[in-house]
1. Taking the Cα centre of the chain as the origin and placing charges on Cβ (Lys, Arg +1; Asp, Glu -1), which of Asn144, Ser43, Phe17 is farthest toward the positive end of the dipole?
2. Where in region 74-102 does the amide nitrogen come within less than 16 Å of the point 7 Å from the Cα of Lys152, taken along Cα to Cβ?
3. May I ask you to give the solvent-accessible area per residue for the chain, in square angstrom, as obtained with a 1.4 angstrom probe?
4. Past 23 Å, Cα to Cα, is the threshold; run Lys62/Lys124; Lys27/Lys171; Lys47/Lys136 against it and keep the listed order.
5. Report, ordered by chain and residue number, the aspartates and glutamates lying within cross-link reach of Lys68, taken as a straight Cα distance under 13 Å and ignoring same-chain residues fewer than 8 apart.
6. What residues have an amide H closer than 5 Å to that of Glu45, excluding those fewer than 5 places away on the same chain, when H is modeled at 1.01 Å from N in the peptide plane?
7. Would you mind putting 55-68, 74-87, 19-32 in packing order, based on average other-beta-carbon counts within 10 Å, highest first?
8. Express as a percent, rounded to the nearest 5, the fraction of DSSP beta bridges in the chain (both residues included) that run antiparallel.
Amino acid sequence: MSNLENKKVAILSADGFEQSELESPLKALKKEGAEVDIISLKSGEIKGMTDHEWGNAIKVDKTVSETKVADYDALILPGGVINPDALRNDEHAVKFVKDFFATDKLVASICHGPQTLITAEVVKGKKMTSFPSIRKDLENAGANWVDEQVVKDGNLITSRNPKDLDAFNAKIVETLQA
């Protein structure tokens, strides 16, 4: 029996996600036995990016408008420059994120992913990290930004960039096992 066999995780993403920041947590969670759904703004496929170039496409399991927070134990928000901007401009995606916080479920976000959290107005008073370029945005939204590999504040986990993925994934798995 795997450690996360009874857990279901949503990865919310749109076109332009950072390839490794979606694929690495997906692989780590599946390895531990979790069921993982790729949730997006549209059905079909979404395309990632690596080093500012378009990368691989990944199959979308459900659209955010047909998804319920009650069906999941955790939410992961990968980064990328384009992805969070698309999510934060979609009312269903923003509500989905807000509902995870309202139900006190685990939310994990890396790199530029916290931009969606800013729009959802859930960062005030939270200790967080992110890609350095959005530090000021998080601070202006009321977050306590720190430059650390991985930060856990209550049911929120944040990391800075793809170099932190091992620590990010480990903290997600550890939290879901608790």
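1. After comparing all options, I get Asn144.
2. 74-76
3. 47 Å²
4. Flagged as over cut-off: Lys62/Lys124; Lys47/Lys136.
5. Asp37, Asp99
6. For Glu45, whose amide H was placed from the backbone, the distant partners under 5 Å are Val60.
7. 74-87, 19-32, 55-68
8. Of all bridge pairs located within the chain, approximately 30 percent are antiparallel.
The values are calculated or read from the model by the stated rules, or taken from the named source; none is laboratory data. Here the structure is a predicted model, which means the values were calculated and not measured. Counting neighbours? That spans all protein chains shown, and the Cβs are built from the backbone with ideal geometry, glycine included. We work out accessible area using only protein heavy atoms, side chains counted, and drop any ligands, DNA or RNA first. Shrake-Rupley method; radii C 1.70, N 1.55, O 1.52, S 1.80 Å.
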